[in-house]
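The values are calculated or read from the model by the stated rules, or taken from the named source; none is laboratory data. This one's a predicted model, so the numbers in the text were calculated from it and none came from an experiment. We place every Cβ from the backbone using ideal geometry, glycine too, and count neighbours over all the protein chains shown.
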Amino acid sequence: MKNTDFDLVIIGGGPAGLTAGLYAARARMNAVMIEKVVPGGQVLTTDWIENYPGFPEGLSGGDLVVKLTEQVKRFNLNIENGNVVSLDFSGDIKKIELSDRTVTTKAVIIATGASPRKLGVPGEERFIGKGVSFCGTCDAPFFKDRVVAAVGGGDTAVQESLYLTKFAKKVYLIHRRDELRATKILQERAFANDKIEFVWDSVITDIEGGLMSVEKVAVKNVKTDETKKLDVDGCFVWVGINPNTAFVKGAVKVDESGFIITDASMETSVQGVFAIGDVRNTPLRQIVTAAGDGAIASFSAEHYIENIG
Ligand code: NAP
């Protein structure tokens, strides 16, 4: 094969990408990790992690990222800033177009994660940064002794609502069904927390307020069609995630929700291209599984590169 800039390009620096980078650096591969701003990804918005093995006391998302970054730097992983805009996998040499340059490589690992999904109701866009938020760790302290709405029934909504109760005097947790999807231990804590009031079988239909802040959310009961307005100072939206794949544009196969399809070696529909972590079609999205994906993908990429010579 002709010369390429790199043997392996890892796109994205969350726990999945950082772990892939750790294994690539230790395998002494000619690898680079390209990250938009700073390594970390969504885990930076997680206030406390207590299910990552080896940390019995738990640790903050920020601390885990610091430790992971220190670890990859110890093995001299090459990290560059860049914004990937498109991919060209038509030939043996893979081309990655960044906003300011093009790099060529033999193998690619896509680890660009996911972003919070929006509700798509009136008022949501208008009040982003003025009471509507997707990040408890970032914004919960602004709601000291205030009343807030939180939407969703998954791990994020329940874990982050618990975090919100450290600041807010009341959290309405609004969920479209009468049963939570979140892990049982989180459910137990939420049910035992006096500051959380559940609003079951309900969806937010409108977010209202003045010039600078949220004042009310309109809530509809999906079983009875009854509507009511809740007086709140903020609204946190935690209704799932969308994969960060805008730049992929058909370069590899994705599922009906846009998550990249891989096999057990993390390889996508294109040989030598791998996908890991939250951007991948996977039954479990955890930091530990993202890290596991990263180790497997790096190992697979190393073997792919050896085989193509
Ligand atoms: P999720 O598991 O997909 O849950 C999304 C929640 O939002 C569901 O309860 C869903 O309701 C609800 N929902 C979806 N669309 C909605 C809409 N348009 N209006 C109202 N409600 C809507 O998403 P997530 O909680 O963000 O978690 C993402 C992934 O990260 C998951 O795999 C999760 O396990 C993982 N995660 C893990 C932890 C942890 O281990 N501590 C923490 C955070 C995230 P239904 O239940 O009715 O579908």
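Things to note:
- Unmet criterion (only one of (1) surrounded by fewer than 17 Cβ atoms within 10 Å (Cβ to Cβ); (2) in the same structural domain as R181 (by TED's automatic domain parsing); (3) modelled with pLDDT of 95 or more) for K253: (2)
- One residue stands out among those in the range 256-280 that are assigned to a loop (DSSP other than H, G, I, E, B) and either crowded, with 17+ Cβ neighbours inside 10 Å or basic (K, R) (or both): the one that is nearest to the ligand (Cβ to nearest atom), which is F259.
- Qualifying positions in the range 63-90 - surrounded by 21 or more Cβ atoms within 10 Å (Cβ to Cβ) and without any contact (Cβ under 8 Å) to a residue 60 or more places away in the chain: V65, L68, V72, L77
- L164 falls short on exactly one of the conditions (1) within 30 Å of I96 (Cβ to Cβ); (2) crowded, with 23+ Cβ neighbours inside 10 Å, and that condition is (1).
- The one condition in (1) over 24 Å from S269 (Cβ atoms); (2) at pLDDT 95 or above that T46 fails to fulfil: (2)
- Here the range 122-138 is the region considered, the condition is being within 16 Å of the ligand (Cβ to nearest atom) and in contact with a Gly (Cβ under 9 Å, 6 or more places away or on another chain), and the residue that is modelled with the lowest pLDDT is T137.
- Of the residues making up the range 153-162, those that are in a loop (DSSP other than H, G, I, E, B) and more than 10 Å from the ligand (Cβ to nearest atom) number 0.
- Note on the range 84-129: residues that are more than 30 Å from Q271 (Cα to Cα) and out of contact with any strand residue (DSSP E or B) (no Cβ under 7 Å at 6 or more places or on another chain) amount to 5.
- Selection of the range 91-105 for residues being outside any strand (DSSP E or B) and either crowded, with 16+ Cβ neighbours inside 10 Å or among the aliphatic types (A, V, I, L, M) (or both) yields only I93.
- Out of G123, G54, G13, sole residue that is assigned to a loop (DSSP other than H, G, I, E, B) and in the same structural domain as A157 (by TED's automatic domain parsing): G123
- Flag if V108 is among the hydrophobic types (A, V, I, L, M, F, W, C), surrounded by fewer than 21 Cβ atoms within 10 Å (Cβ to Cβ), more than 15 Å from the ligand (Cβ to nearest atom) and closer than 30 Å to H303 by Cα: no
- Some residue of the range 113-121 being of a type outside the set (S, T, N, Q) and in contact with a helix residue (DSSP H, G or I) (Cβ under 6 Å, 6 or more places away or on another chain): yes
- Count of the range 281-298 residues which are touching a helix residue (DSSP H, G or I) at 6+ places or on another chain (Cβ under 7 Å) and more than 15 Å from the ligand (Cβ to nearest atom): 4
- Of the residues making up the range 178-196, just one is loosely packed, with under 14 Cβ neighbours inside 10 Å, hydrophobic (A, V, I, L, M, F, W, C) and within 12 Å of D155 (Cβ to Cβ), namely I185.
- Enumeration of residues in the range 72-90 that are in a helix (DSSP H, G or I) and under 21 Å from the mean Cα position of the chain (by Cα): V72
- With respect to the conditions (1) within 30 Å of D178 (Cα to Cα); (2) modelled with pLDDT of 95 or more; (3) not small (G, A, S), I296 falls short on a single one, namely (1).
- Filter result (assigned to a helix (DSSP H, G or I) and farther than 19 Å from E302 by Cα) within the range 16-50: G41, Q42, V43, L44, T45
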